[in-house]
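Novice: Have a look at the structure that comes next, please.
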Amino acid sequence: MADMSKVTQALYLPDMASKLVPVCGKPRVYEIQAKGKTQRLYFDAGDAINQITAWLDDLEPDWRSAYGEVSLKPCFISGQIKSGKSMLLNTVIPAVMAAYNNNMFKDVTVMKLDLRDLLPREGFYRMCRQLLAMVVREARDLGIDTLALQDAGSDLQNSDYAVIIPDITHIFRTLKVPLLVLVDEVQQLLLPRNDDGTLDQVGMASARTLLKSLLCNRNTNCLWAVTGSGMAVFWAQLALAPEHGYSMLTHNYVVWLPATHDKGGMNAVLESLVAKQPERGPPEARTALLGWAANSALLCYAFEDIKPKSREGFYETLENFIPRKLATEA
């Protein structure tokens, strides 16, 4: 029976995408606006906007091809901790796509998969069940209804992982709804562990193959953007057996985010932050941020995290930031 996809209450790209508004007099600095209000600042230090546009230019001829024979190149976003990967994935990419080529992606539904919710210590196969449950839940929340989703929902109670894993790939391979899948922290999937805490070597190989099957799924209605460390990009390329002849070594587009940003751009970002929220921190402490934060993503994150007005409270906040935020994520 044909798998007829339909959407009843989708999160369409134009409805959820923010706008990138250039800040006058500050090159590469943008305000991220949603519903006419500025949410935060974005400093395009790595020329990511042009890189994303080039990615869209590259895949445009094959987007929603009538033949469905070409697997669209996924976009990997790579960089160090707190270099702005998640914001680029969840905010900048939708904003660039929404404004691209006369609203070409206006019918695209957006699905977000945050793989930080997976539990690697439970092993690869139990992680697959978690991933399938996440996909089914997100699809149902979007109002997507397919026979593959219905079958997958029933199979969630099945203990046979030979059924669970094909269900995951089948959902995306058969989907007829134009879909943008935003996957955050993909390395969670690639590092399954055994019960004793050691790496699940067999599971790691299977995870790479599963990821490749998803990203090279030969469905031109399905577009993927993924964040992960530089090693995540490398691990994904090690998948065995090219999927439909595609090699992840060549069949991907990588946006590398710089770990450090230039001083001129950092000053421009700080000036804009202070102009919007002058009550945060004493002036000398704000300036100290420039010597503490290596990039604008970390600068914005720390600035938003700072609440005490006293000089002592400010530095205490910075000292706690490393073990409380960075170390836990690392």
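The values are calculated or read from the model by the stated rules, or taken from the named source; none is laboratory data. Since the structure is predicted, the reported quantities are computational estimates derived from the model, not experimental observations. Note: ideal-geometry Cβ built from the backbone for every residue, glycine included; neighbour counts use all protein chains shown. For the accessible areas, the whole protein counts, side chains as well, though only heavy atoms, and no ligand, DNA or RNA atoms are used. Shrake-Rupley method; radii C 1.70, N 1.55, O 1.52, S 1.80 Å.
Novice: Among ASP160, ASP145, which is the only one that is modelled with pLDDT under 80 and touching a strand residue (DSSP E or B) at 6+ places or on another chain (Cβ under 7 Å)?
Specialist: Working: ASP160 fails: touching a strand residue (DSSP E or B) at 6+ places or on another chain (Cβ under 7 Å).
Answer to the check: ASP145.
Novice: For ILE77, are the conditions met, namely being of a type in the set (A, V, I, L, M), surrounded by fewer than 16 Cβ atoms within 10 Å (Cβ to Cβ) and not in a helix (DSSP H, G or I)?
Specialist: Working: of a type in the set (A, V, I, L, M): yes; surrounded by fewer than 16 Cβ atoms within 10 Å (Cβ to Cβ): no; not in a helix (DSSP H, G or I): yes.
No.
Novice: Also, quick follow-up: Just wondering, is there one or more residues in the stretch 198-215 that are among the hydrophobic types (A, V, I, L, M, F, W, C), farther than 28 Å from TRP63 by Cα and buried (at least 21 other Cβ atoms within 10 Å of the Cβ)?
Specialist: No, every residue in the stretch 198-215 fails to be among the hydrophobic types (A, V, I, L, M, F, W, C), farther than 28 Å from TRP63 by Cα and buried (at least 21 other Cβ atoms within 10 Å of the Cβ).
Novice: Further, regarding this structure: Quick check on the stretch 1-25: of everything there that is in a loop (DSSP other than H, G, I, E, B) and at pLDDT 85 or above, which residue is surrounded by the fewest Cβ atoms within 10 Å (Cβ to Cβ)? Talk me through it step by step, then tell me what you get.
Specialist: Start the filter on the stretch 1-25 by keeping residues that are in a loop (DSSP other than H, G, I, E, B), which leaves 1-5, 8-11, 17-18, 23-25.
Cutting the leftovers down to at pLDDT 85 or above gives us 17-18, 23.
Working: ALA17: 21, SER18: 22, VAL23: 19.
Residue satisfying both the conditions and the ranking: VAL23.
Novice: Considering the stretch 128-166 alone, what residues qualify as being open to solvent by less than 20 Å² (accessible area, probe 1.4 Å), part of a helix (DSSP H, G or I) and in contact with a Leu (Cβ under 8 Å, 6 or more places away or on another chain)?
Specialist: CYS128, LEU131, LEU132, MET134, VAL135, VAL136, ALA139, LEU142, ALA148, ALA152, ILE164
Novice: Also, I was wondering about something else. Return yes when ALA95 is within 24 Å of TYR30 (Cα to Cα) and open to solvent by 70 Å² or more (accessible area, probe 1.4 Å) and no when it is not.
Specialist: Details: within 24 Å of TYR30 (Cα to Cα): yes; open to solvent by 70 Å² or more (accessible area, probe 1.4 Å): no.
For ALA95, the condition - within 24 Å of TYR30 (Cα to Cα) and open to solvent by 70 Å² or more (accessible area, probe 1.4 Å) - is not met.
Novice: Among residues belonging to the stretch 98-125 that are assigned to a helix (DSSP H, G or I) and in contact with a helix residue (DSSP H, G or I) (Cβ under 9 Å, 6 or more places away or on another chain), point out the one that is surrounded by the fewest Cβ atoms within 10 Å (Cβ to Cβ).
Specialist: Going residue by residue through the stretch 98-125, those that are assigned to a helix (DSSP H, G or I) are 98, 115-117, 120-122, 124-125.
Filter once more, so that each one left must be in contact with a helix residue (DSSP H, G or I) (Cβ under 9 Å, 6 or more places away or on another chain): 98, 115-117, 120, 122, 124-125.
Details: ALA98: 21, LEU115: 21, ARG116: 11, ASP117: 13, PRO120: 22, GLU122: 16, PHE124: 24, TYR125: 17.
Here the answer is ARG116.
Novice: One residue is enough: does the stretch 231-245 have a residue meeting the conditions modelled with pLDDT of 80 or more, among the acidic types (Asp, Glu) and surrounded by 14 or more Cβ atoms within 10 Å (Cβ to Cβ)? Give the steps one after another, and end with the answer.
Specialist: If we filter the stretch 231-245 for residues that are modelled with pLDDT of 80 or more, which is where we start, we get none.
Within the stretch 231-245 (the criterion being modelled with pLDDT of 80 or more, among the acidic types (Asp, Glu) and surrounded by 14 or more Cβ atoms within 10 Å (Cβ to Cβ)), the answer is no, since none of the residues qualifies.
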